[in-house]
Amino acid sequence: MIDECLAVEFRVRNDDCPLAEASRDVGAEIDARAPQRRSDGYDLLQFSSARTDRLTAHLDDDERISYLHVSRTDGRSGYRCLSKHPCVVRRLIDGGLIVETLRYREGEARIFGAVVGRDVLKGVMEAAGETVGVKLERVYPLESEATESPGQRWELTPAQEECLRMALESGYFEIPRQASSEAVADELGISKSAFLERLRRAEAALFQQMFR
C-alpha cells in the first residue's frame, strides 16, 4: 500500500488546445473539469465562464469543437462539447495526475491536482518534460494540509484569519447579510474601520494567490 499522496501545481504555456486559445483570444477566464477521453478518440470537455457571447461564438466557430451545448445560470455559462484536439493536460492525466482544478486564463492553464506516490510523480514529470510549456510550480505532501491552519496555507496573518472566520460564522457573507460590519467588529473587539481594512487585506491576499 502507498501511503504518500502529493499535491502538485502546474502552469502550462503555449498550449494550442481550444480552451487555451479561447481564453487568450476572447479574454475569458475558463474553469474546466479534467477532459474525459472517449473510445472514439474525442475528448469530452465540461467547463464554465462568466456569461459572454464572444466566448460562445468563438467556440462555435472552432472547427475542432463539435456538439457545443451551452446552459446559463446566475450570470455564468456552462459548456459541454467534444474536442478533436487533445489538451496538454491530457498527457499529464495519462501519466497519473489526478486533476482537482483546471483554469484557463490569457492562454495559460493552471492545474492543481494530486499524485499517489513518488513513482507516479516521476511518470507525470516525464510526460510534462515531453510537452513544451509545462512547468511544475509547486509540490508538497497532502498530509501537511491537515496540520496547517487556513491562515498558514493561504499566507494570512492571524488577525486576518480571525477576521474572515468571524465574518463567516456571523453570516456577514450571507445573502441577505445576517450580520453588519459593526456587529462583526464588536465581536472581534475592534472598530468597524479596522475590521473592514483587515477584511479587504485578507480578501486581497486570497485573490492574489487564487488568480496569480
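Measure off 7 Å from each Cα along the Cα-to-Cβ vector at GLU169 and LEU142, then give the distance between these two points in nanometres to one decimal.
My value for the distance between the label points is 2.9 nm.
In percent, what relative contact order does the range 1-56 have, based on Cα pairs under 8 Å that are 6 or more apart in sequence?
Values: 38 pairs, mean separation 14.3, N = 56.
Relative contact order comes out at 26 percent.
Quick test of your reading: applying the under-4.7 Å Cβ rule, which cysteines of the chain are isolated?
By the Cβ distance rule, which asks for a partner under 4.7 Å, the isolated cysteines are CYS5, CYS81, CYS163.
Can you pull the one-decimal nm distance between simple spin-label points at ASP16 and GLU126, each 7 Å off the Cα toward Cβ?
2.6
Quick one: helix 118-129 against the long Cα principal axis of the chain, what's the angle to the nearest 10°, folded into 0 to 90?
The helix 118-129 is inclined about 60 degrees to the chain.
What does the accessible area per residue of the chain come to in Å², with a 1.4 Å probe and no ligands, DNA or RNA counted?
Numbers: 12290 Å² over 212 residues.
Result: 58 Å² of accessible area for each residue.
Would you calculate the volume per residue, in Å³, of the smallest convex hull containing every Cα atom of the range 46-126?
Numbers: hull volume 8.6 nm³, N = 81.
It is 106 Å³ per residue.
If you take the C-alpha gyration tensor of the chain, multiply each eigenvalue by 5 and take the square root, what semi-axes do you get, largest first, in whole Å?
Whole-Å semi-axes of the equivalent ellipsoid: 36, 25, 14.
Evaluate 2.2 N^0.38 Å with N set to the residue count of the range 21-65, then give the Cα radius of gyration divided by it.
Ratio of Rg to 2.2 N^0.38 Å for the range 21-65: 1.22.
If one takes the longest principal axis of the Cα atoms in the chain, at what angle in degrees, from 0 to 90 and to the nearest 10, does the Cα axis of helix 158-170 lie?
Roughly 90 degrees, rounded to the nearest 10.
Two decimals is fine: what's Rg over Rh for the range 162-211, C-alpha atoms, Kirkwood radius as Rh?
0.99
Below 8 Å, C-alpha to C-alpha, sequence gap of six or more: please give me the relative contact order for the range 39-82 in percent.
Computed over the range 39-82, the figure is 49 percent.
Can you give me the angle between helix 192-210 and the longest principal axis of the chain, using Cα atoms only, in degrees from 0 to 90, rounded to the nearest 10?
Long axis of 192-210 versus the principal axis of the chain: about 20 degrees.
For the pair SER71 and GLU182, what calculated FRET efficiency results from E = 1/(1 + (r/R0)^6), where r is the Cβ-Cβ distance and R0 = 45 Å, to the nearest 0.05?
0.65
By the gyration tensor of its Cα atoms, with a ≥ b ≥ c the square roots of the eigenvalues, what is the shape of the range 1-107: rounded for a/c under 1.5, prolate for a/b over b/c, or oblate?
Values: a/c = 1.82, a/b = 1.56, b/c = 1.16.
Here the range 1-107 falls in the prolate category.
Using Cα pairs closer than 8 Å and at least 6 residues apart in sequence, work out the relative contact order for the chain, in percent.
Rounded, it is 24 percent for the chain.
What spacing in nm lies between the two simple spin-label points modelled at GLU155 and ASP31, each 7 Å away from Cα in the Cβ direction?
2.2
If you find the alpha carbon centre of the range 69-146 and of the range 20-61, how far apart are they in angstrom?
Spelled out, the Cα-based centre of one part sits 14 Å from the other.
Using just the helices of the chain, give the 222 nm mean residue ellipticity in deg cm²/dmol: DSSP H runs with n ≥ 4 each add -39,500 (n - 2.57), and the total is spread over all residues, rounded to 500. Spell out each step's value before the answer.
Working: 9 runs with 85 residues, N = 212.
Counting only the DSSP helices, I get -11500 deg cm²/dmol.
Report for the chain the percent antiparallel among DSSP-assigned beta bridges with both residues inside it, nearest 5.
On the way: 45 of 45 bridges.
Counting DSSP beta bridges with both partners in the chain, the antiparallel share is about 100 percent.
The values are calculated or read from the model by the stated rules, or taken from the named source; none is laboratory data. Since this is a predicted model, take the numbers as computed values, not measurements. Quick reminder, even Gly has a Cβ in these numbers, built from the backbone with ideal geometry, and neighbours come from all protein chains shown. SASA here: full protein model, heavy atoms, side chains in, ligands and nucleic acids out. Shrake-Rupley method; radii C 1.70, N 1.55, O 1.52, S 1.80 Å.
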